[in-house]
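The values are calculated or read from the model by the stated rules, or taken from the named source; none is laboratory data. This structure is a prediction, so every number in the text was calculated from the model and none was measured. Don't worry about glycine lacking a Cβ; one is built from the backbone with ideal geometry, like all the others, and counts go over all protein chains shown. Ligands, DNA and RNA are excluded from the accessible area calculation, which covers all protein heavy atoms including side chains. Shrake-Rupley method; radii C 1.70, N 1.55, O 1.52, S 1.80 Å.
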Amino acid sequence: QVQLVESGGGLVQPGGSLRLSCAASGSISGINIVGWYRQPPGKQRELVAITPTGSITTYADFVKGRFTISRDNAKNTVYLQMNTLKFDDTAVYCCQAVHRGRVYWGQGTQVTVSS
């Protein structure tokens with residue numbers, strides 16, 4: 001069984017920063033933590049940043065230059081450093097992983113940007 005646990009969300013003022021973490025646990029040998037998606041209130045889920053193992057890193061246009069995705073394979077963890085946060089970044093952020101042909105999602109962590 002694969003579990004993905006996100007952490008690091010919270011309430012932040014515009015212009016602030018947060019660092020999200022996505023840690024995989026369970027039977028995860030060979031797991032590929034792909035990256036981050038988000039679902040703003042009342043909207044569809046959208047890609048934020050992905051860095052599949054052995055593939056290129058991709059950022060959504062609306063986070064380029066502000067967010068940075070990184071991974072620590074030894075810890076089976078992927079991070080999302082979010083800087084210069086805007087009101088529109090308010091969303092539930094979820095990480096995605098692929099393991100043995102199946103796609104897994106974490107429960108998500110809430111990020112709220114508010115003054």
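Those residues that are assigned to a helix (DSSP H, G or I) and either open to solvent by 10 Å² or more (accessible area, probe 1.4 Å) or under 14 Å from S25 (Cα atoms) (or both), I need them from the stretch 78-107; list them, please.
To start, the set of residues in the stretch 78-107 that are assigned to a helix (DSSP H, G or I) comprises 87-89.
Result: F87, D88.
Out of the residues in the stretch 27-58 meeting the condition of being closer than 14 Å to R71 by Cα and of a type in the set (S, T, N, Q), tell me which one is nearest to the chain's Cα centre (by Cα). Can you show your working first?
Going through the stretch 27-58, the residues closer than 14 Å to R71 by Cα turn out to be 31-36, 49-58.
If we keep only those that are of a type in the set (S, T, N, Q) as well, we get 32, 51, 53, 55, 57-58.
Numbers: N32: 13, T51: 10, T53: 15, S55: 17, T57: 13, T58: 12 Å.
Per the criteria, the residue is T51.
Let's see how each residue does on (1) of a type in the set (A, V, I, L, M); (2) closer than 16 Å to G10 by Cα; (3) touching an Asp or Glu at 6+ places or on another chain (Cβ under 6 Å):
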{"residue": "I31", "(1), (2), (3)": "yes, no, no"}
{"residue": "I50", "(1), (2), (3)": "yes, no, no"}
{"residue": "A60", "(1), (2), (3)": "yes, no, no"}
{"residue": "V63", "(1), (2), (3)": "yes, no, no"}
{"residue": "K86", "(1), (2), (3)": "no, yes, no"}
{"residue": "A91", "(1), (2), (3)": "yes, yes, no"}
{"residue": "G106", "(1), (2), (3)": "no, no, yes"}
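Could you tell me whether V92 is within 21 Å of G42 (Cβ to Cβ) and over 10 Å from the mean Cα position of the chain (by Cα)? Write out each step before concluding.
Details: within 21 Å of G42 (Cβ to Cβ): yes; over 10 Å from the mean Cα position of the chain (by Cα): no.
Against the criterion (within 21 Å of G42 (Cβ to Cβ) and over 10 Å from the mean Cα position of the chain (by Cα)), V92 does not qualify.
Within the stretch 73-95, which residues are within 24 Å of N32 (Cα to Cα), of a type outside the set (A, V, I, L, M, F, W, C) and modelled with pLDDT of 95 or more? Can you show your working first?
Looking only at the stretch 73-95, we keep the residues that are within 24 Å of N32 (Cα to Cα), and these are 73-82, 91-95.
With of a type outside the set (A, V, I, L, M, F, W, C) added as a condition, the list becomes 73, 75-77, 79, 81, 93.
Hits for the stretch 73-95 are Y79, Q81, Y93.
Check every one of the strands (runs of 3 or more DSSP E) wholly within the stretch 12-73 and list those with 2 or more residues that are small (G, A, S) and surrounded by fewer than 18 Cβ atoms within 10 Å (Cβ to Cβ). Please lay out each step first, then the result.
Numbers: elements: 18-26, 32-39, 46-50, 67-72.
Of the strands (runs of 3 or more DSSP E) lying wholly inside the stretch 12-73, those with at least 2 residues that are small (G, A, S) and surrounded by fewer than 18 Cβ atoms within 10 Å (Cβ to Cβ) span 18-26.
Only residues that are within 15 Å of V78 (Cβ to Cβ) and either open to solvent by less than 50 Å² (accessible area, probe 1.4 Å) or without any contact (Cβ under 8 Å) to a residue 12 or more places away in the chain (or both): list them for the stretch 1-11, please. Quick ask: steps written out before the conclusion?
Here is the first cut: in the stretch 1-11, the ones within 15 Å of V78 (Cβ to Cβ) are 2-9.
Selection gives V2, L4, E6, G8, G9.
Which pairs have Cβ atoms under 8 Å, sit 6 or more apart or on different chains, and link a residue in the stretch 91-113 that is of a type in the set (K, R) to one that is in a strand (DSSP E or B)?
Hits for this filter: R102/V2.
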